[in-house]
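**Q** Next up is a structure, given as C-alpha cells.
The values are calculated or read from the model by the stated rules, or taken from the named source; none is laboratory data. Everything numeric here is computed off the predicted structure, so don't read it as measured data. As a convention, Cβ positions derive from the backbone with ideal geometry for all residues, glycine included, and neighbour counts pool all protein chains shown.
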Amino acid sequence: MSFRASRETTCPFSACDGSAIQAAGDRRSRLRGLTGRDELPDVVRGMQDRLRGETSRQQAMSMLTAAYILAGLRLPPDEVDKLFQGVHEMEESSTYQAILERGMERGIERGRIEEAKAVVLIAGTERLGPPGEAVRSALNEIDDVNQLEGLLRRAVRIAAWDELLAPPDPSP
C-alpha cells in the first residue's frame, strides 16, 4: 500500500482514481477548524451527500460503514448512533449487517449463559435453600453453558451448596 503526496495519488482501492484523496487533502484545513462534537453531524451529512454524488451505492455503503466503525474509536456508542441515525446506506451494508449478526449471536449466547445460571440457582434454592455469596460469586465467573448445565444436573442431587462446585468424586 502506498500513497504519494502529489496530484497523481496512488490508492489501494481498485475503484479509486485518487481524486477523492486529493480533494480530501485540499479540505484538511476545514477539518482542522472543527471546534467540537456539535459540528460532527454536519460533517457526517456532508460525507453522506458527497458519497451519494461521487461513488457507487456499494462504495458509499462500505465507506459509511467504515466511518461508523472508526467513529466508535473516539465517541461513545450513543453519540455514534445519533450521528449516523438515518444513514440508510450504511444499514444496507453487508459489513454492517455482519456486525449486527455477530452482536446478536453474542447476545443470544450471553442470554443462554445468564439463563443457565438463573436455573442453577432456582433449582439449588428449591432443594437447598438460598446460596451463600461464595456460590453466587463462583457461578458468576462461569461463562460456559455446558458447565452450567452440568452444575444444574448436580444441583438436583446434592445435599449442600458446597458440593455444587466441589470437584466430582472420582469413585464410581
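**Q** Which of the following residues is at pLDDT 95 or above and surrounded by fewer than 13 Cβ atoms within 10 Å (Cβ to Cβ): GLU101, GLU115?
**A** Every option except GLU115 fails the conditions.
**Q** Restricting to helices (runs of 4 or more DSSP H) lying wholly in the stretch 34-144: which have 2 or more residues that are more than 30 Å from ARG157 (Cβ to Cβ)?
**A** Filter on the stretch 34-144 gives 40-54, 57-71, 77-83, 88-91, 94-128.
**Q** Residues of the stretch 85-130 being over 18 Å from the mean Cα position of the chain (by Cα) and under 19 Å from MET61 (Cα atoms), which ones?
**A** Within the stretch 85-130, GLY86, VAL87, HIS88, GLU89 qualify.
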